[in-house]
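The structure appears right after this line, and notes come after that.
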Amino acid sequence: MILNNKKIVLGITGGIAAYKAIELARLFIKNGAEVWPVMTKAAANFITPLSLQTVARNPVSQDMFDLSQESKISHIDLSEKADLVVVVPATANIIGKVACGIADDLLTTVIMATKAPVLFAPAMNSNMYENKIVQHNIERLRKIGYCFIGPDEGDLACGYEGKGRLAPHEDIVDAAEECLAPKDLKGQKVLVTAGPTREAIDPVRFISNPSSGKMGYAIAKAARRRGAEVVLVSGPSYLQHPRGVAFIKTITAEEMAEAAMRHYPQSTVVIMAAAVSDYRPKISHRKKVKKEEARLNIEVERTQDILKELGNKKRGQFLVGFALETEDILANARKKLKEKKLDLIVANDPTGFDGEVTQVTVIDGEGGVEALPPLPKSEVAERILDKVVRAMKG
Ligand code: CTP
């Protein structure tokens, strides 16, 4: 968990979306972070320090020149203790002030004094957001290393519809993690497959499996946070497309194979987390099969083993496979590692298929074996990527 024990100075400015900062503070804390809120004068028109303090569990700082407050937590204190500063909502005003080097209140002073990364989550009227001065200020800040998330398009509080809505909380948390993640996959092109495939029996029935895609999606997100360019080839999944990732939607093993092969030559790392169906019906009926017969025999044929094909066509790519086993886990995983010419294999059993937590054993090309404890899939994704980075360096 990247945010675990991290100190986040949460700057809240005077926009209607200020009330959303309270829920965001809760989410940061849920992810293990400490939240130190700083409110501008205008923010106090929208939310009260009391509600913020209750959720954040830390004092809310508001005034630079309030001696009693400054003696408890000074602006220098805040700027030094911060691992990250997040400004939510970031109005045109605060973006403009920071871009021009103005530090005339507590929040702008903390931003000026800190060496920590600063993430802005803009929210404002769409005309304001599109204003050339605002765009120029954002561009200028981006160029010198400030981070931005959003805004999104949609209904705005001012009655307009357009670009200006605060990004969803989950995206802000994800962007905060990105600010703090090591960029050890920068320059790498990572191809990830995820989810199940579906092989049609007829227009309303198919052969598939209960894979949710959570593991592959977690890997794609983590690789992007660590600086990689990521292509995610996904089978049918109810999960949201991860932001900042090129997304290819597929249904059958054949479509997944085609997409994976197309992106393979330019990839440097491939992580095949998809639960590809090994069989498909030999005949896929164009019309619904009626239940006239007492028995129905479906003849099946093998689908292509995508990973084996990738292994055979390997040109320097670092290849990671998964092994889903119900018995002789290690022996079977080792066999797949060798047969599919992999650099790393992640063995698991089906108990973690659709859950948030999974227990895996990672086996590398040198025969090294590490059994990880049961962990959230987001954490397992980080551990797998740690191993990829270490092995590639080696
Ligand atoms: N895989 C693949 N194409 C297939 C089947 C599997 O690319 N048609 C990949 C999976 O994405 C996984 C690895 O191969 O990374 C191992 O998959 P798994 O289902 O554990 O094993 P199989 O190779 O299908 O062998 P078996 O079902 O006999 O265990």
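Find how much the distance from Val289 to Glu339 grows on full extension, using 0.36 nm per residue of separation minus their present alpha carbon separation; answer in nm with one decimal.
That works out to 14.2 nm of additional length.
Calculate one ³J(HN,Hα) per residue across segment 194-202 by plugging θ = phi - 60° into the Karplus curve 6.51 cos²θ - 1.76 cosθ + 1.60, and present them in order as whole Hz with x for glycine and proline.
8, x, x, 10, 10, 10, 6, 8, 8
Using helices alone, what [θ] at 222 nm do you get for the chain, with -39,500 (n - 2.57) per DSSP H run of 4 or more residues, divided over all residues and rounded to the nearest 500?
-10000 deg cm²/dmol
Roughly what % of DSSP beta bridges within segment 189-393 run antiparallel, to the nearest 5?
That works out to approximately 40 percent antiparallel.
Anything over 19 Å Cα to Cα? Flag those among Lys313/Lys393; Lys214/Lys313; Lys7/Lys115; Lys249/Lys287; Lys221/Lys393, in the order listed.
Exceeds cut-off: Lys313/Lys393; Lys214/Lys313; Lys249/Lys287; Lys221/Lys393.
Let me know the charge dipole size of the chain about its Cα centre in debye, to the nearest 20, where only the beta-carbon of Lys, Arg (+1) and Asp, Glu (-1) is charged.
1000 debye
Based on the alpha-carbon gyration tensor of segment 1-121, what equivalent-ellipsoid semi-axes (square roots of 5 times the eigenvalues) come out, in whole Å, largest first?
19, 16, 15
What lysines could a cross-link reach from Lys132, if we take a straight Cα to Cα line under 21 Å and drop same-chain neighbours fewer than 8 places away?
Lys97, Lys143, Lys163
List the residues, sorted by chain then number, that are 5 or more residues from Ala167 or on another chain and whose placed amide H is less than 5 Å from its amide H.
Asp152
Rounded, prolate or oblate: pick one for segment 154-240, where a ≥ b ≥ c are the square roots of the eigenvalues of its C-alpha gyration tensor, a/c under 1.5 means rounded, and failing that, prolate if a/b is larger than b/c, else oblate.
Verdict is oblate for segment 154-240.
Please work out the FRET efficiency for the pair Asp354 and Ile144, using the Cβ-Cβ distance as r and a Förster radius of 41 Å; give the result to the nearest 0.05.
The calculated FRET efficiency here is 0.40.
Pick out which of Ile219, Ile251, Ile12 has the largest mean-square fluctuation in a Gaussian network model of the chain, springs linking Cα atoms closer than 10 Å.
Ile251
Once the piece of chain linking Glu23 and Ala246 is laid out straight, how much longer is it, given 0.36 nm per residue of separation minus the C-alpha distance between them?
That works out to 77.4 nm of additional length.
Among 40-49, 134-143, 116-125, how do they line up from the highest to the lowest mean number of other beta-carbon atoms within 10 Å?
The most tightly packed comes first, giving 116-125, 40-49, 134-143.
Considering amide H positions built from the backbone, and no H for Pro or chain starts, which residues 5 or more places from Tyr279, or on another chain, come under 5 Å of its amide H?
Amide H neighbours of Tyr279, under 5 Å, 5+ apart: Thr303.
For the chain, what does the convex hull of the Cα positions come to per residue, in cubic angstrom?
So the per-residue Cα hull volume is 181 Å³.
Each residue of segment 331-346 in turn: what ³J(HN,Hα) in whole Hz from Karplus with 6.51, -1.76, 1.60 and θ = phi - 60°, glycine and Pro shown as x?
Those phi angles translate into 4, 5, 5, 4, 4, 5, 4, 6, 5, 9, 6, 8, 9, 7, 9, 10 Hz.
How high is the FRET efficiency between Gln135 and Thr54 when r is their beta carbon distance and R₀ equals 41 Å, given to the nearest 0.05?
Using R0 = 41 Å, I get an efficiency of 0.65.
Since every read-out is calculated from the coordinates, none of them should be taken as a lab result. The model shown is predicted, which means the values in this text are computed figures rather than measured ones. In this analysis, Cβ positions are derived from the backbone assuming ideal geometry, glycine residues included, and neighbour counts consider all displayed protein chains.
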